Amino acid sequence: MEIKIATRHCTDPVGTQRCFHYFLTVDQEETAQLFCENYGVHIAEEHGSDASIPAITTSAQRIDELMTLLVDNQVGPAGLADVVADWL
């Protein structure tokens, strides 16, 4: 499942207008003793590329922190993996 969190419009360093859409991804994990939601992120550039990283954390608070970081800094699909790796 995906939930749209935000859309941000920005201008890149060479003057190109960009529009990024940010989504929270939710996968359900179930075992014999446990059921939880595993959160990830998906960033899609309007008329451009997209990138996803599923199953980053089971913590709603932590994924909220990450989504805020991505949206506030207008991270695009190309930078998603690096930002998440640094964040972890």
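Listed by first and then second residue, the pairs with beta-carbon distance under 6 Å, at least 6 apart or on different chains, first residue in the stretch 53-69 and among the polar types (S, T, N, Q), second outside any helix (DSSP H, G or I), are THR57/TYR39; THR58/CYS36; THR58/ASN38. The set of residues from the stretch 1-49 being closer than 25 Å to ALA85 by Cβ and of a type in the set (Gly, Ala, Ser) comprises ALA6, GLY40, ALA44, GLY48, SER49. Once the stretch 27-60 is narrowed to residues that are among the polar types (S, T, N, Q) and surrounded by 12 or more Cβ atoms within 10 Å (Cβ to Cβ), the residue that is nearest to LEU88 (Cα to Cα) is THR57.
Against the conditions (1) at pLDDT below 95; (2) under 16 Å from ARG8 (Cα atoms); (3) not hydroxyl-bearing (Ser, Thr, Tyr), VAL71 satisfies every one except (1). Restricting the stretch 6-26 to residues that are at pLDDT 95 or above and of a type in the set (Ser, Thr, Tyr), the residue that is surrounded by the fewest Cβ atoms within 10 Å (Cβ to Cβ) is THR7.
The values are calculated or read from the model by the stated rules, or taken from the named source; none is laboratory data. Just so we're clear, the structure is a prediction, and the values are computed from it rather than from any experiment. So basically every Cβ, Gly included, is an ideal-geometry build from the backbone, and we count neighbours across all protein chains shown.
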